[in-house]
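Input: a single structure, listed below in C-alpha cells.
Each reported figure results from applying straightforward, stated rules to the coordinates on display, with no laboratory input. Keep in mind that what you see is a predicted model, and the values were worked out from it rather than measured. Here the Cβ is made from the backbone with ideal geometry for all residues, glycine too, and neighbour counts use every protein chain on show.
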Amino acid sequence: MARNSLMLIALALLAAAPAQAERLYKWVDEAGHVTYLDHPPPEGQGQVEEKEMRTRGGGSGDPAAAEAAAKAPVTLYSTSGCTSCDAARAQLRKRKVPFKDIDVSSKNPEAQEEMRKKVGELAVPTITVGSKVMRGYVDSLLDGELDQAGYPKVEAASPAEGEAGSGEAAPQQ
C-alpha cells in the first residue's frame, strides 16, 4: 500500500511540473513547400503562422538539434491522404526535428520535378536526412538515421510511469 502511495505522489509531482512554451513557425513558400521550424523564417517568406506549443522538459532550442539540422537538414516529400506520410510527420514532430514538408501531389509539378532531380523518382513518403534518402517510412529506420545525424532522442518515460499505467498490482513481500 505504501508503494502505491509513493507512486501516486511521484505521478502527481510529475503532472505538476511546469510546462515550457515553445514556438513553432509554419510557412508555405511560393512553390508550395511547407516548412516547420523552431525559429522564424528568413524575411520575405510570405504568410507565416506562429504557434505556441506547450511541452515538458528540454525543447527544440537544444544546441545539438540546431547543429544536427545545420549539418543534416530533413525533408519530407509527401502528399495529402498518405497515412505513412502522416506517421513520418508525427515521428519528426515527436522528436522535435525541424523539417521541410514538400507536397509532391499532382497539383505541384515544380515540387515533383525538384524531387525527381534530388532523389531520382516520385515515391511518398520519401525522407532525406542530409544526403541520405529513405523511401517509405519505418519508425526505427528513421530514428536510426536521425540518431546518426545527431538529432536528440525522445525522452523515455520513467519506470514509475510505466508501472503506474500497467494496471497490475505489484507482488507484496
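Please go through the residue pairs LYS26/LYS118; LYS118/LYS153; LYS107/LYS153 and name each one whose alpha carbons sit more than 25 Å apart in this structure. Those over the limit are LYS118/LYS153; LYS107/LYS153. For a modelled paramagnetic label at ALA123, 7 Å from Cα along Cα-to-Cβ, the residues of segment 75-100 in reach, with backbone nitrogen under 18 Å, are 75-79, 82-89.
Place a label point 7 angstrom from the Cα of ALA31 along the Cα-to-Cβ direction, then list the residues of segment 107-147 whose backbone nitrogen is under 14 Å away. It comes to 108-120, nothing else.
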